[in-house]
Amino acid sequence: MKKKEKENILYKIENLIFRYDLGKEKVEAIRNLTFDIPAHSFITLSGPSGSGKSTLLNLLGLIEPIQRGRILFLGKNLDHLKESEKNEIRKHKIGFIFQQFHLIPVLTVEENVAYFLIRQGINRREVRERVKEAIEAVGLWDHRKKKPSQLSGGQKQRVAIARAIAKKPEVIIGDEPTASLDQKTGHEIIEILVKMVMSYKTSIILTTHDPMVQTYSQQNFHLQDGQLILG
């Protein structure tokens, strides 16, 4: 792969197959999937329940192990990396946004955003700078001293986004991040993510059933029965 081509491709997925056990049966969640995900872009993965979207997201986020085929992340074959190298990618290059937020209830907004940065060994001054920048980016600076129980669902999702972008990752991955939000709040959340692509050159990859979210994406990949459906 040429250097310029590498820089334009975030993930290169080749002949990917993933099976899981369902009782005595083997279910093929991903079936010989091959496609590229461009860098610095807003991408959505759509398709019905059971189509393989979440499984693919877990593989891209290094949550599930690769069984067959390969995934290249910024030109590196993920299956050839040591577990310590995969942990470094998860810690520094991939941000996660979950539908259920996964905030720590006893910590304030500031503390939730700072928590993983501190665990990564980033110095306190840089942690403070990153936390302030991320919380301001999602419009919650005035709420920084509040705990999750004092926030609305949309505000909690904003904190989850701030926590992800504070890492300054190459990619932010989200599994149905607007599913539990009303349409207006969903629009606001997606507009924040679009700004992340423009301002931080961060790539965004979201699974979604929501046509509204797809209208914001630069490219939508539709999955059905673990395969990419074109057209």
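Of the residues making up the range 112-126, those that are among the aliphatic types (A, V, I, L, M) and crowded, with 20+ Cβ neighbours inside 10 Å are VAL113, ALA114, LEU117. The listed residues are GLY75, GLY52, GLY47, GLY95, and the only one of them that is modelled with pLDDT under 95, out of contact with any Ser or Thr (no Cβ under 6 Å at 6 or more places or on another chain) and farther than 29 Å from LEU181 by Cβ turns out to be GLY75. Flag set for ARG130, criterion: within 27 Å of ASN58 (Cα to Cα), of a type in the set (Lys, Arg) and surrounded by fewer than 23 Cβ atoms within 10 Å (Cβ to Cβ). Only a single item in (1) among the aromatic types (Phe, Trp, Tyr); (2) under 19 Å from the mean Cα position of the chain (by Cα); (3) at pLDDT 90 or above is not met by TRP141, and it is number (2).
Across the range 193-219, the qualifying residues are those that are over 14 Å from the mean Cα position of the chain (by Cα) and β-branched (Val, Ile, Thr), and the one among them that is surrounded by the fewest Cβ atoms within 10 Å (Cβ to Cβ) is THR215. In the range 183-230, counting only strands (runs of 3 or more DSSP E) that sit wholly within it, the ones holding 3 or more residues that are aliphatic (A, V, I, L, M) span 203-207. When every residue of the range 143-166 is checked against the conditions, none turns out to be touching a residue at least 24 places away in the same chain (Cβ under 8 Å) and part of a strand (DSSP E or B). Number of residues in the range 174-186 that are crowded, with 24+ Cβ neighbours inside 10 Å and either modelled with pLDDT under 90 or in contact with a helix residue (DSSP H, G or I) (Cβ under 6 Å, 6 or more places away or on another chain) (or both) equals 2. List every residue pair whose Cβ atoms lie under 9 Å apart, where the two residues are 6 or more positions apart in sequence or sit on different chains, the first residue falls within the range 96-112 and is free of Cβ contacts under 8 Å to residues at least 24 places away in the same chain, and the second residue, located anywhere, is assigned to a loop (DSSP other than H, G, I, E, B) and hydrophobic (A, V, I, L, M, F, W, C). Close Cβ pairs (under 9 Å, with a partner that is assigned to a loop (DSSP other than H, G, I, E, B) and hydrophobic (A, V, I, L, M, F, W, C)) amount to GLU111/ILE104. Only residues that are over 17 Å from GLN157 (Cβ atoms) and in contact with a Ser or Thr (Cβ under 6 Å, 6 or more places away or on another chain): list them for the range 204-229, please. Selection gives GLN214, SER217, GLN218, ASN220, HIS222, LEU223, GLN224.
Scanning the range 66-83 for residues that are free of Cβ contacts under 8 Å to residues at least 60 places away in the same chain and either surrounded by 12 or more Cβ atoms within 10 Å (Cβ to Cβ) or under 18 Å from LYS167 (Cβ atoms) (or both) returns ILE66, GLN67, ARG68, GLY69, ARG70, LYS76, ASN77, LEU78, ASP79, LEU81.
The values are calculated or read from the model by the stated rules, or taken from the named source; none is laboratory data. These figures come from a predicted structure and were not determined experimentally. Cβ coordinates were reconstructed from backbone atoms using ideal geometry, including for glycine residues, and neighbour counts include every protein chain displayed.
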